[in-house]
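The values are calculated or read from the model by the stated rules, or taken from the named source; none is laboratory data. If you're wondering where the values come from, they're calculated on a predicted model, not measured in any experiment. For neighbour counting, all protein chains shown are included, and Cβ atoms are generated from backbone atoms with ideal geometry for every residue, glycine included.
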Amino acid sequence: MTAILSEETKLRDEIARVGKSIFDRGLTFGSTGNISARLSNGDLLMTPTNASLGNLDPARLSRFSAEGVHVDGDKPTKEAFLHQCMYCQQKLSGAVVHLHSTYAVAVSILADVDPEDVLPPLTAYYVMRVGSLPLVPYYPPGDVMLAEAVAERAKSSHAVLLANHGPVVAGKTLQDAQYATEELEETAKLFLLLHGRNLRPLTPEQRAALKP
Ligand SMILES: [Zn+2]
């Protein structure tokens, strides 16, 4: 019991620390964005609705049972299903980060991207941390069709981009999910900076050589 409690306390503190770091660097704003992480017993801790990631109270995080039932803590975010869809498809995930980060959202609004893989493989670190980025078609927030669409795209990738909305990224640990989300945001920024220029992304061979 003691071991479970200390694991949970550590994870609650880590969620608050990562949330503040993300908020302080302007990667999200207001009460947008949410973070979840899974305990070894399968329970999920998630940032609550209307909470700013910059000012999370570790003791008030929403907690879900392994079956997805809200069991304690503050009222969960309305976007809880985005996280649950990722865990459902990406079984080894220990954490999920969803942001409305500016550059990734900007790319999610472009009409002429490849919906199977939105960003080109510009750098090795993008390929290693994100890999591929399918676009989830636009649905209004909370629409049950959005959950189905996310689940469909998450079968093949631990990172998806919601059209006109933002990225949802799973990782084995919270640090993995955070770093992958940040890599995605920086690559979206590079992509927009390079707009109109001739690009030399990694070749299929270079990309394949980076896969584990
Ligand atoms: Zn959102």
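At a glance:
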| quantity | calculated |
| --- | --- |
| Residue list for segment 153-167, filter: touching a residue at least 60 places away in the same chain (Cβ under 8 Å), within 12 Å of the ligand (Cβ to nearest atom) and more than 11 Å from the chain's Cα centre (by Cα) | H165 |
| Every residue from segment 60-89 that is under 15 Å from L39 (Cβ atoms) and of a type in the set (V, I, T) | V69, V71 |
| Any chance T187 is modelled with pLDDT of 95 or more, within 27 Å of S21 (Cα to Cα) and surrounded by 18 or more Cβ atoms within 10 Å (Cβ to Cβ) | yes |
| Tally of residues being surrounded by 22 or more Cβ atoms within 10 Å (Cβ to Cβ) and assigned to a loop (DSSP other than H, G, I, E, B) across segment 9-26 | 0 |
| Top-ranked residue of segment 45-65 - restricted to ones that are hydrophobic (A, V, I, L, M, F, W, C) and in a loop (DSSP other than H, G, I, E, B), ranked as farthest from E14 (Cα to Cα) | A51 |
| Top-ranked residue of segment 190-212 - restricted to ones that are under 28 Å from C85 (Cα atoms) and in contact with a Pro (Cβ under 9 Å, 6 or more places away or on another chain), ranked as surrounded by the most Cβ atoms within 10 Å (Cβ to Cβ) | F191 |
| Output for segment 164-184, where each listed residue is under 15 Å from H100 (Cα atoms) and surrounded by fewer than 21 Cβ atoms within 10 Å (Cβ to Cβ) | N164, E182, E183 |
| Subset of segment 72-90 (residues that are part of a loop (DSSP other than H, G, I, E, B) and either within 15 Å of the ligand (Cβ to nearest atom) or among the charged types (D, E, K, R) (or both)) | D74, K75, T77, K78, E79 |
| Residue that is of a type outside the set (F, W, Y) and under 29 Å from L11 (Cα atoms), where the choices are G166, G196 | G166 |
| Search result, residues across segment 134-149 that are buried (at least 18 other Cβ atoms within 10 Å of the Cβ) and touching a Lys or Arg at 6+ places or on another chain (Cβ under 9 Å) | P134, L135, V136 |
| Condition broken by S36, with the remaining ones in (1) within 14 Å of the ligand (Cβ to nearest atom); (2) in a loop (DSSP other than H, G, I, E, B) satisfied | (2) |
